[in-house]
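Peer 1: There's a structure below that I have some questions on.
The values are calculated or read from the model by the stated rules, or taken from the named source; none is laboratory data. Remember, predicted model here, so these are calculated numbers, not experimental data. Because the Cβ atoms are built from the backbone with ideal geometry, glycine has one as well, and the counts that use them run over all protein chains shown. Surface areas here come from the heavy atoms of the whole protein model, side chains and all, with no ligands, DNA or RNA. Shrake-Rupley method; radii C 1.70, N 1.55, O 1.52, S 1.80 Å.
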Amino acid sequence: MHLRTVFLLLLFVFCSIFLIVNWEGVMADVTVNLLYTQIQAPLGLILLLGPGLVILICLVYGFVQQAALSLELRRVNKQLQEARDLAQKAERSRFIELKSDLQKHLLDLQNQSAARHSALLARIDNLQEAMDSSSQETVNSLSASVGEVEDRLAQLVQLASEKQIEVKEKEMVESKNSVRK
């Protein structure tokens with residue numbers, strides 16, 4: 001309990017005890033002047049009812065204000081919840097848009113990667129074909145050169161057989177070395 005509530009409760013209890021103890025004096029009839037007439041009535045009761053009526057009016061006014069405040073608070077809370085929902089929807093739509101943009105960029109990168117990969121494979125295939133044709137040309141060139149050497153060797157062998165020259169490989173190498181010196 002709040003200190004204010006405890007204080008008001010104690011004040012009410014003390015006032016009630018005072019009223020009960022002095023009830024005869026509160027209910028004693030006296031002449032009361034109402035400005036335009038005079039009446040016989042218990043003055044204590046009139047003095048209790050006057051402030052009691054003011055307190056009752058204040059309580060009713062406070063309850064009405066509290067009810068109006070409560071209704072206003074509910075309306076503001078409802079508007080706040082609608083604003084939150086709207087903000088969440090906007091955030092979700094931004095996330096969805098961001099996700100679609102990221103997916104689009106990822107797809108573009110994958111397409112670029114695939115295009116580069118296929119271009120690289122095509123270049124490798126072209127290089128392989130060029131290397132194959134180059135090696136084929138080299139083999140053909142070497143075959144032609146070997147064929148020429150064989151033909152010349154055959155001619156030399158034929159020429160040597162016509163003249164009946166006997167050639168030994170080792171001696172031929174030695175004779176070539178002596179001719180060069």
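Peer 1: If I ask for residues that are under 18 Å from residue 18 (Cα atoms) and part of a helix (DSSP H, G or I), which ones from the stretch 42-63 would you list?
Peer 2: First pass over the stretch 42-63, keeping only residues under 18 Å from residue 18 (Cα atoms): 42-52.
Those that are under 18 Å from residue 18 (Cα atoms) and part of a helix (DSSP H, G or I): 43, 44, 45, 46, 47, 48, 49, 50, 51, 52.
Peer 1: Then there is this: Here are some residues: 72, 24. Which one is assigned to a helix (DSSP H, G or I), charged (D, E, K, R) and surrounded by 10 or more Cβ atoms within 10 Å (Cβ to Cβ)? Steps first, please.
Peer 2: Working: 24 fails: surrounded by 10 or more Cβ atoms within 10 Å (Cβ to Cβ).
That would be 72, the only listed residue that is assigned to a helix (DSSP H, G or I), charged (D, E, K, R) and surrounded by 10 or more Cβ atoms within 10 Å (Cβ to Cβ).
Peer 1: The conditions are (1) over 28 Å from residue 8 (Cα atoms); (2) of a type in the set (A, V, I, L, M, F, W, C); (3) at pLDDT 85 or above, and residue 68 fails exactly one of them. Which is it?
Peer 2: Going through (1) over 28 Å from residue 8 (Cα atoms); (2) of a type in the set (A, V, I, L, M, F, W, C); (3) at pLDDT 85 or above one by one, residue 68 breaks only (1).
Peer 1: Now for a separate question. Which of the following residues is part of a helix (DSSP H, G or I), farther than 30 Å from residue 24 by Cα, modelled with pLDDT under 95 and over 42 Å from the mean Cα position of the chain (by Cα): 91, 129?
Peer 2: Numbers: 91 fails: over 42 Å from the mean Cα position of the chain (by Cα).
Just a single option satisfies the conditions, and that option is 129.
Peer 1: For the stretch 32-64, which residues satisfy the criterion of being open to solvent by less than 90 Å² (accessible area, probe 1.4 Å) and among the hydroxyl-bearing types (Ser, Thr, Tyr)?
Peer 2: Scanning the stretch 32-64 gives a single hit, 37.
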